[in-house]
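Asker: I have a structure here, written as structure tokens, and I will follow up with some questions on it.
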Amino acid sequence: MKPTLNSLLPSPTSHSLPSPSKTSFTDSRPFWLTLYFFFNLGLTLYNKGVLVRFPFPYTLTAIHALFGSLGGAVLARFRVFVPPRLKKNETTILLAFSVLYSINIVVSNVSLQLVTVPFHQVVRSTTPIFTIMFSALLLGKSSTRWRIITLIPVIVGVGLATYGDYYFTRWGLILTLLGTILAALKTIFTNVLQSPVPSLTDPAPKSFLSQVYPFSILAQARLHLNSLALLSLLSPLAFVQCMVLAYLTGELDRVRTYSQQELSGGRLMALALNGCIAFGLNVVSFSANKKVGALGITVAANVKQVLTILCAVMMFHLNITTLNSLGIVLTLVGGAWYARVEYMEKQEQQQLRNRTI
């Protein structure tokens, strides 16, 4: 029997339900990580082609958010999930997260104009380090020694794979580092928003930074939303914020001129297809984040960077050096090592739970 759309997507409720002890392949971590790689690689390569002919990053991001809103509305209409009703404090939490989401996009776009792509990728490859640090500071969650060790070949590998023209300005370095920090925070809080509220007998670990505003809001933001519910709530806010950014930067005026002179039916269809792929990536990304955790998804993103290089080499007939090849292999090995360590640790935890029952 072939899996249906409802069987592949998260539970059709606004809140996530406990998963059964035995999970099918379509509900497993490898399945969602495979989808994550497929959509992420596809959108990354597609975006490169689209931005050459449609050089308006804020407007393109707004299009992605618009399709996220439309896709969420269609799925809600067909009862694939039930849109949640948030309380006032929960709405405040979601609004704070949407601002973090939008600022992350702005900083990333601006920093790319001030540094070279190889330098940008190397700095962004340190995201797992910031993820570990902020998980400890905000949530009181620590990573094991072996998980931290497996990050070394991943980060070094990205550096070797992207080795080339490393150029940056002072502001470029500052903004790229800030963008990396924001990316780590966004990944952590995406996971937090989909986590269940801790019980009184099993409270969440506390840390000093989790008591500081505005981190105090987000650190306790366990709304227990599934990926579709989170996407349907976040997308309209992100759309409005990205449109405001496009207006403030003067990008909307340039888009208006472009649409009158160069926007053809074919390019309009290309933008629509780009928006559809972005919607699919958002669903898969939020679902994969919940399945594998914040640190796991950042390691997966690093491996994705290297796979993007491989695809670009094959598609555009680019040349890579021996050092680049070594970096690609090192990153892939490091990613596989991390996955193995994570799997073994989860198996040990499951065995401990079974013994206590």
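Every read-out reported here was derived from the displayed coordinates using simple, explicitly stated rules and does not represent laboratory data. Note that the structure is a prediction, hence the values are computed from the model and not measured. FYI the Cβ positions are ideal-geometry reconstructions off the backbone, even for glycines, and counts take in every protein chain you see.
Asker: What's the exposure ranking of PHE279, PHE78, PHE37, going from fewest to most Cβ atoms within 10 Å? Numbers along the way, then the final one.
Answerer: Working: PHE279 24, PHE78 10, PHE37 18.
Going from least to most buried by this count: PHE78, PHE37, PHE279.
Asker: Going by how many other beta carbons lie within 10 Å of each one, how would you line up ARG355, ARG256, ARG124, fewest first?
Answerer: The order, fewest Cβ neighbours first, is ARG355, ARG256, ARG124.
Asker: Need the C-alpha centroid separation for the range 54-104 versus the range 262-279, integer Å.
Answerer: Answer, in whole Å: 19.
Asker: Now for a different question. Using the number of other C-beta atoms within 10 angstrom as an exposure proxy, rank MET269, MET133, MET243 with the fewest first.
Answerer: Going from sparsest to densest Cβ surroundings: MET269, MET133, MET243.
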